[in-house]
Amino acid sequence: MYYDGSIANGACGIVPAVLAYYDHFIESVSPDIYTRYFLAAGAIGALYKMNASISGAEVGCQGEVGVACSMAAAGLAELLGASPEQVCVAAEIGMEHNLGLTCDPVAGQVQVPCIERNAIASVKAINAARISVALLHALAG
């Protein structure tokens, strides 16, 4: 099997789960929404890929779950009407609370605790996006 260093099974549910949240609770997803979400998320992912790592095997879950959380937070912030600064703040909050998260799968399987981490990181991403939008609105005054 060829491994290209991309986000793998351990974090594969975060980005789509946050988009599903948007679709279910905020507004139906259209092609324009898909495009905006994935462009914002992809831009953040590219920054991590170029400057650090997105591989759990290389840098632990902070590099896989953390990056996916950060990407999803940025994408959701974009859909919530955030400014570019707010999108970056959402991405930062999404990563901040995953720093130091090690890759420690039970019995070497990408199942436990990976599945639970996908769910928790999805909620973190939603909160990060909402906090970034609310925080900068509050600071602006």
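Here, each number is a calculation from the coordinates, and none is a lab measurement. In this text, all values refer to a predicted model and were calculated from it rather than measured experimentally. Because the Cβ atoms are built from the backbone with ideal geometry, glycine has one as well, and the counts that use them run over all protein chains shown.
Key figures
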read-out: Loop sites in region 19-84: GluC sites (Glu not before Pro), DSSP, at most 12 other Cβ within 10 Å; value: Glu27
read-out: Tilt relative to the chain, helix 14-25 - C-alpha long axis, 0 to 90 degrees, to 10; value: 40
read-out: Principal axis dimensions, largest first and in whole angstrom, of region 11-140 by Cα; value: 45, 28, 24
read-out: Amide proton proximity set for Leu101, modelled H, under 5 Å, gap of 5+; value: Gln62
read-out: Convex hull per residue volume in Å³, alpha carbons only, for region 58-135; value: 71
read-out: Listed residues Ala129, Ala90, Ala40, most fluctuating in the chain (Gaussian network, C-alpha, under 10 Å); value: Ala40
read-out: Nitroxide proxy distance, nm - points 7 Å out along Cα→Cβ at Ile115 and Cys12; value: 1.4
read-out: Rel. contact order, % - alpha carbon contacts under 8 angstrom, at least six apart, the chain; value: 30
read-out: Trypsin sites (Lys or Arg not before Pro) within region 48-141: DSSP coil, no more than 12 neighbouring Cβ in 10 Å; value: none
read-out: On Cα atoms only, tilt of 84-96 relative to the major axis of the chain in degrees; value: 30
